[in-house]
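Report on the following structure.
Just so it is clear, none of the values below were taken in a lab; they were calculated from the coordinates. Please read these numbers as outputs of a predicted model, since none were measured by experiment. For neighbour counting, all protein chains shown are included, and Cβ atoms are generated from backbone atoms with ideal geometry for every residue, glycine included.
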Amino acid sequence: MTRNSFSHLKNQAIGTGYLRKDGRIGIRNRLLILYTSPCAEFAARKISQAFSPNTVEVLGFTRNCTSSFTEMKLKKYLTHPNIGGALIVSHSSEGLDSSNLLKEALLSGRCAALLSLDHNRGIANSINQGLLLVKDLLASLSVNPSQPLRFSDLIIGAECGGSDFTSGISANPLVGRLFDMLVDLGSTVLFEEMYEAVGLKDYLISRCQTAEAAREISCTYDKFLKYSKEHNQFFITPGNMKGGLTTIEEKSMGTVSKSGSRPIQGVVKIGQIPKKPGLWLMDSMSDTEEGCGPYISEDATSLLVYPCCGTILNILTSGRGHLINTPVTPTLKITGNRETYSRLSNDIDFDASPMLYGEKNPDELADALLELVLQTINGQLSKGEALGHRDGFINHEKQFSQIAPYTGGIIYG
Amino acid sequence: MDDLFFSGYERADGQIGIRNSILILYTVNCSAFVAQQICRAAPKDIPVQVIGNGSCFDNQIIIYRMLRLIAHGNVGAVLIVGHGCEFIQGNLLLNYAEKHRKPARILMDQNYGTSRSIEIGLSLLQELWTEIKFLPRKPLPSSRLIIGLTNGGLPTFSHILSSCLPQLLSSAQAACCSVLLNLQDFLTAQSMQTFQSLKSEEEISHFKAAVLKNIPFAFQGVLKISQIPDCCGLWLVDPLQDRHAETGIAATCPIDQALDLICSGAHLVMLPSNGHFVIGTAIAPALILIPEYISEACMEEIDFTIKEKTSMETLWETLRPVLNGAFTASENLGMYDGYLLGSAQTFPEKIS
């Protein structure tokens, strides 16, 4: 059992957040400018650049085709608890009915407006109108956080990127220890990257809480392995190898250590929010025969899927170093590589290397990391947020809502 | 008809261009922010644009697109921004730029962090600009010019195809340049759906043959993604997948379609539009056209009105200042958009 210095805070207020109409609590209260096609991106970004990224964030869909699945994802961003209001910037060349997005945002209690570029004469005029709309919307957002926040309100996702030889023995197991503490305190935590769990199917199944969870893990593992085999695309990069990792199996053992040791409750698909607290796996890969988007896996885009499953904070571990931060859900970055931290200390939030050097024991570091999490959920900006990073694409996946043995088409990468 | 002339740039590798820009090319989406911030912070007198890979992987078509853009005649110099973990190797892109005798630098942001990378990037931009800014324009024949033409937002591009396009094409052909059309513009929503239902390479091949047969223009040939025409005349660019049609990237926007033409060498892309908005593309200026029957348009953001009787001389009068360096409406707005996408095409040869 992991020592837990925070157990006295279980069920206690650990901060304040923003209460939303659906009962969820956000740790930020930002206005989201959401563009719904690439043709609307320029205007959306121009509008956003007139404001601080810590007040107004911009995010959008970079493909022109659309589906009910994409619409669902866009709605998840609009109604995410960290988002207090939204300006939807749309263009008629897309297949999406943006009025549905507006309705969803308004129904959720957000202040929201729709800017249709082709209903205005010219880009310059549209941008000017958008600026006025944002100013109006921001006036409605000026509230202070007042809702007591408890560990049970937290949903946190973790990912690794740019892994090296230190990742599997420092930053990732440290996050695993943090996740154990959070689960014990009643939080919900998610991990993903099943493509980096190669060889660990039996291990993951053995950790499942129920037979149904085991079935879900099994199906999901098989899907990812099938993808990797059929595309000869195993997720170990040149950078991983330069960093001292040798095989996907070695990388996988480090990756999975982020999940800690608590029972796995099951698998959530994109857009599903875990039904109860505990440890969950998020499956971010398309599993439809009719998918019309590539399976793009890069860390920023993968992290951006987490908010669709309700995470209010993301954690990214990196041995070689990462600079990114996710829109909607802030990202805390951790490295266990001392040289990386000293090089990128303006970008990386937490140095886990004392664990590797035996200077601090894992419990001490996990406590310090949880302290950082608490500061961040109470408004302290992550380093990526402070630098203005807002990275990642909204990808075009399609998924079945049910988890079943994978027999479908292959998503081209 | 003899060549018409314009004033453009001739590169060390023999390519020609109508702009002398620095391209910031990011190799992975993790570096997009740093690349974009360098572009935003660049001094106003340095023409700089940014585009890159939205993925981490090294899909062959993405690499071909990158190589073609590095060698593009409108690009005077290249700043490659990588992260350090990704599959695409920035050093190989740098080698390719050097092979084309194009000034180039590389910056791996993992080495420096966000703020320092932006500082270094700006310094590298200055170095590159110093190397290319005095390149003079010189008279160049229109026969070396490649013009793209694709749907710029008209709900019914077919109207343009039936009314204005023949006139445009004959004008352009009379000017002895190469003109690229995009195969996707000849697909209806229904035929696109049909395409995406295809399973085998053979089915896809038959589908494409049937589409080509019904296009009412005579082409010099069909170009795959990032192939460039080898003689003047009308060419068709095929950006559709040769395999995995059901899972591919068929449904694109006008910006993507314009980029397909730019990756096949277009120096300028003409985009017939409905007049209600403009789009712009990186690398090659977008020229927004509206048919004369459209009366409700923001005219200051429109470059040209096409009439049924538009003559070659009139078209050339419009094009020549743009070819000579005058900004289009989208350039004036600072619109240099686009992402590079992967695809699944069988490419007959390596890009040289």
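B:K102: which aspartates and glutamates have alpha carbons under 17 Å from its alpha carbon, excluding same-chain residues fewer than 8 sequence positions away?
B:K102 reaches B:E10, B:D13, B:E127, B:E131.
Would you list, by chain and number, the aspartates and glutamates whose Cα falls below 19 Å from the Cα of B:K213, excluding same-chain residues fewer than 8 positions away?
B:D185, B:E201, B:E202, B:E203, B:D238, B:D242
Partner chain Cβ atoms within 10 Å, averaged over the residues of B:329-336 - can you pull that number for me?
Per-residue shielding by partner chains comes out at 3.
Percent of Cα-Cα pairs more than 25 Å apart in the range B:6-143, please.
Here the long-distance tail beyond 25 Å is 23 percent of all Cα pairs in the range B:6-143.
What value, in deg cm²/dmol to 500, does the helix sum -39500 (n - 2.57) over DSSP H runs of n ≥ 4 give at 222 nm once divided by the residues of the protein assembly as shown?
-10000 deg cm²/dmol
Report, in whole Å, the centroid distance computed from the Cα atoms of the range A:295-349 and the range B:45-98.
24 Å
For the range A:358-373, take each phi angle, set θ = phi - 60°, evaluate the Karplus expression 6.51 cos²θ - 1.76 cosθ + 1.60, and give the result in whole Hz per residue in order, putting x for glycine and proline.
x, 7, 9, 7, x, 5, 4, 5, 5, 4, 5, 5, 5, 4, 5, 4
Name the most mobile residue of A:S342, A:S48, A:S252, meaning the one with the largest mean-square fluctuation, in a Gaussian network model of chain A with Cα contacts below 10 Å.
A:S342
How big is the shadow of the Cα convex hull of chain A, averaged over all directions, in nm²?
So the Cα hull casts an average projection of 18.7 nm².
For the range A:1-120, evaluate the Debye formula with one uniform point scatterer on each Cα (no solvent term) and list log10 I(q)/I(0) at q = 0.09, 0.17, 0.23 Å⁻¹, rounded to two decimals.
Values returned for q = 0.09, 0.17, 0.23 Å⁻¹ are -0.30, -0.81, -1.31.
Taking springs between alpha-carbon atoms closer than 10 angstrom, which of B:L287, B:L259, B:L92 fluctuates most in the Gaussian network model of chain B?
Judging by the Gaussian network model, the answer is B:L92.
Which values of log₁₀ I(q)/I(0), to two decimal places, follow from the Debye formula for chain B at q = 0.13, 0.14 Å⁻¹ with a uniform point scatterer at every Cα?
Summing over Cα pairs of chain B leads to -1.00, -1.16.
When chain A is treated as a GNM, springs tying every alpha-carbon pair under 10 Å, which of A:L374, A:L332, A:L78 comes out with the largest mean-square fluctuation?
A:L374
Could you tell me, in Å, what Rg and Dmax come out for the Cα atoms of the protein assembly as shown?
Here Rg and the maximum Cα pair distance are 26.0, 88 Å.
Compute the angle between helix A:98-107 and the longest alpha-carbon principal axis of chain A, please, reported from 0 to 90 degrees and rounded to the nearest 10.
70 degrees
Let me know the mean shielding of A:228-238 by other chains, meaning the per-residue number of their Cβ atoms within 10 Å of its Cβ.
2
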